[in-house]
Amino acid sequence: MQTFSCTVVTHAPGETAALAERLGAAAETGTVLCLVGDLGAGKTLFTQGFARGLGVTEEVTSPTFALMNQYCGRLPVTHFDLYRLEREEELDEIGFYEFAEPSGGVVLIEWADKFPDALPKPHIRLEIERGDTEDERRLMFFTTEEDSALWRALMEK
């Protein structure tokens, strides 16, 4: 199976958020975005911008302790944070499989690398790494499905 990739380098948090907002505006029903990166890399910042692009007006926070938040925008948004989970069996306990299927909206999953076999298919994987300066970020996108509105928006740079 072929994997498509794209890397974008941003130089400030505002630039990262603006990219995320543009991609959120292009997202369509069924979009699953799996975010990976160290603590403080910018996963939640990206998610906040993405949600703004979807028309979410309420404050978007990391669901580190709640494990899942839901928001209303142009499309419903389900936002998971898997950081505190230790075992894949815990995904059942929090209703992950029920809510992670993007039947009518968009799903964003932070710390998606903890349980890669449990992730919905298809999805776009976003790996965020710190760059050479404090504010620089390298955003690496991967998918096996290049025919999505979000992927096309990403390619328009």
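Just a few scattered comments:
- Entirely in the range 83-157, the helices (runs of 4 or more DSSP H) that have 3 or more residues that are modelled with pLDDT under 90: 96-100, 149-155
- Here the range 138-157 is the region considered, the condition is being over 13 Å from the mean Cα position of the chain (by Cα) and of a type in the set (S, T, Y), and the residue that is nearest to V106 (Cα to Cα) is S148.
- Residue that is farthest from the chain's Cα centre (by Cα), among those in the range 38-92 that are of a type in the set (V, I, T) and under 14 Å from W111 (Cβ atoms): T64
- Among the candidates E101, E93, E88, the residue that is loosely packed, with under 13 Cβ neighbours inside 10 Å and not hydroxyl-bearing (S, T, Y) is uniquely E93.
- Meets criteria (in contact with a helix residue (DSSP H, G or I) (Cβ under 9 Å, 6 or more places away or on another chain), of a type in the set (K, R) and within 26 Å of E59 (Cα to Cα)) for R125: yes
- Scanning the range 1-32 for residues that are among the aliphatic types (A, V, I, L, M) and within 12 Å of M140 (Cα to Cα) yields a total of 2.
- For the range 78-90, residues that are without any contact (Cβ under 8 Å) to a residue 12 or more places away in the chain and either touching a Gly at 6+ places or on another chain (Cβ under 7 Å) or within 18 Å of V36 (Cα to Cα) (or both) total 2.
- Within the option set L54, L119, L75, being in contact with a strand residue (DSSP E or B) (Cβ under 9 Å, 6 or more places away or on another chain) and under 25 Å from D38 (Cβ atoms) holds for one residue only, L119.
The values are calculated or read from the model by the stated rules, or taken from the named source; none is laboratory data. Because the structure is predicted, anything quoted here is derived from the model rather than measured. In this analysis, Cβ positions are derived from the backbone assuming ideal geometry, glycine residues included, and neighbour counts consider all displayed protein chains.
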